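I have placed the structure first, in the form of structure tokens, so that the comments after it can refer back to it.
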Amino acid sequence: MRILIDNSGYQMKNLGDIAMLQVALSRLREFFPPSELHVLTTSPDRLLRYCPDVIPVPADVAIEGRSLWIQAWNVFGGLHKLLPRAFIPRLQLLENSLRTTHRRLVAPWIYRRLTARGVNTDKMSQYLALVDSADCVVATGGGYLTDVFESHAARVLSLLGLAQHAGLPTFLFGQGLGPLQSPLLLGLCRQVFPELTVLGLREGKASLPLALSLGAASDRVAVTGDDAIELARSRVPQSLGNNIGVNLRVASYSQVGEDLLGRVRDVLHRVRAKHEVQLVPIPISHHVEDSDIATLEFLVGPGDENIASLDTPEKVILNVGKCRIVVTGSYHAGVFGLSQGIPVVGLAKSPYYQDKFAGLANQFKGGCQVVAMHEQNFPELLESAMEEAWQAAPVTRDMLLAQAEAQVQASRQAWEKLKQTMVGR
């Protein structure tokens, strides 16, 4: 069996993305031991470091080949220049629909247009052949079906749509949906969601109603929690830790800038000193543009630990296990904490992170407080939430572990539907 796998982190530099992919691959290997697992990536070496025994689909095919196929206006050409701006999103969706539903009709035209401009179409041909050779397409977990990651979301949805119209089963697991207002993405979701074989959602507060409103079939949708829960849940220490885990995401999509760092740092060190404990770094992103490493070096201060060396999900999960509470502006630092029975204080400013942490709090009831970073009295709110979590930690541990286990089982049940579908073909 040949399975084509799309994912949320082609560069393999986000440990949350990697953890979700690792769990997905372990389940596919469990279901279909002799299968070929083809994973889209821009970093084959890093992929094989974290996920051995897969077949990397290199960037020139995974990214460049697909980009040529879905390139805007490669069907209609300059027609959009003659139309009012309000019609352009509709024309984009029509073009995408033609590429997926009438591929045999429009493909020769696309090849002709690209060739006339001197574009080498070999990689595009390899991409289309890759889809045709697959037995199914799986998109693993992430929070990429949202406006702030429009380009990536459009790529994944276009692949799923292409596979669906080639008659392949398609599976979308571990998804956090929204916020979504992009006409392009809304249109693509409406085309793809009704045809999904399984849609697994990592939270039901925002994602479930949005998925149903976009045409997902209710009998094929499941709220499963994050797939990475299984990885962290399997590494729970025997007893509750006694430190404070720390993460903060400074990025355009979090709307957290350096102006907030000093305020967060002051609170962290005040609470640390009060309880005479350590601040433990929990880096998730190792991307240059939104790296957690420099941020954590500032927040935590000098220590014996080389933060950059915390470069695998396992290392970070073990660090989380040393903690009594976790304070984080990154979603997966929260997932790793709650999955080990550790209460979390989520720091949110952008609508994207407000949705993510509200959904996480709904999945781990009583274990995740969300502090709004745009409030004037934000430092006071943060300190109060940390103290409340600190006191509650011994009481809530078993409850959180039980909720984590329930989500692991829900996730596995959704993945079992993939197995049943493929065995029955």
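What the table below lists for this structure:
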read-out	value
Filter pass, F336 being touching a Gly at 6+ places or on another chain (Cβ under 6 Å) and either at pLDDT 95 or above or under 17 Å from V264 (Cα atoms) (or both)	no
Matching option when the condition is surrounded by 24 or more Cβ atoms within 10 Å (Cβ to Cβ) and either of a type in the set (V, I, T) or in contact (Cβ under 8 Å) with a residue 24 or more places away in the chain (or both), among G187, G178, G142	G142
Flag if V236 is in the same structural domain as K274 (by TED's automatic domain parsing) and either buried (at least 23 other Cβ atoms within 10 Å of the Cβ) or in contact with a His (Cβ under 6 Å, 6 or more places away or on another chain) (or both)	no
Among (1) part of a strand (DSSP E or B); (2) crowded, with 24+ Cβ neighbours inside 10 Å - the single one A222 does not satisfy	(2)
In segment 18-52, the residues that are farther than 26 Å from A410 by Cα and surrounded by 20 or more Cβ atoms within 10 Å (Cβ to Cβ)	L40, T41, L47
Sole residue being under 21 Å from the mean Cα position of the chain (by Cα) and closer than 30 Å to T396 by Cβ, chosen from E230, E305	E230
Residue within segment 33-55 that is touching a His at 6+ places or on another chain (Cβ under 9 Å) and under 20 Å from P313 (Cα atoms) present	yes
Selection within segment 194-211 - touching a residue at least 24 places away in the same chain (Cβ under 8 Å) and hydrophobic (A, V, I, L, M, F, W, C)	L196, V198, L199, L201, A206, L210, A211
Out of L196, L268, sole residue that is more than 22 Å from A372 (Cβ to Cβ) and either surrounded by fewer than 21 Cβ atoms within 10 Å (Cβ to Cβ) or in contact with a Leu (Cβ under 7 Å, 6 or more places away or on another chain) (or both)	L196
2 or more residues among the hydroxyl-bearing types (S, T, Y): qualifying helices (runs of 4 or more DSSP H) within segment 55-172	88-101, 103-116, 122-133, 150-165
One residue from Q420, Q413, Q407 being outside any loop (DSSP other than H, G, I, E, B), free of Cβ contacts under 8 Å to residues at least 24 places away in the same chain and at negative phi	Q420
Options L318, L296, L310; residue that is over 21 Å from M386 (Cβ atoms), buried (at least 21 other Cβ atoms within 10 Å of the Cβ), of a type in the set (A, V, I, L, M) and in contact (Cβ under 8 Å) with a residue 24 or more places away in the chain	L310
Test for K365: is it of a type in the set (D, E, K, R), outside the structural domain of L172 (by TED's automatic domain parsing) and touching a helix residue (DSSP H, G or I) at 6+ places or on another chain (Cβ under 6 Å)	no
Residues of segment 110-128 that turn out to be surrounded by 14 or more Cβ atoms within 10 Å (Cβ to Cβ), free of Cβ contacts under 8 Å to residues at least 40 places away in the same chain and hydrophobic (A, V, I, L, M, F, W, C), as a count	0
Residue identified as under 21 Å from W69 (Cα atoms), hydrophobic (A, V, I, L, M, F, W, C) and in contact with a Cys (Cβ under 6 Å, 6 or more places away or on another chain) among L162, L214, L168	L168
Residue pairs meeting the criteria (Cβ under 6 Å; at least 6 apart or on separate chains; first under 16 Å from G161 (Cβ atoms), in segment 80-108; second polar (S, T, N, Q))	none
Some residue of segment 356-374 being at pLDDT below 95 and either farther than 17 Å from L268 by Cβ or assigned to a loop (DSSP other than H, G, I, E, B) (or both)	yes
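The values are calculated or read from the model by the stated rules, or taken from the named source; none is laboratory data. Quick caveat, the model's predicted, so the values are computed rather than measured. Every residue, glycine among them, receives a Cβ derived from its backbone with ideal geometry; neighbour counts consider all protein chains shown.
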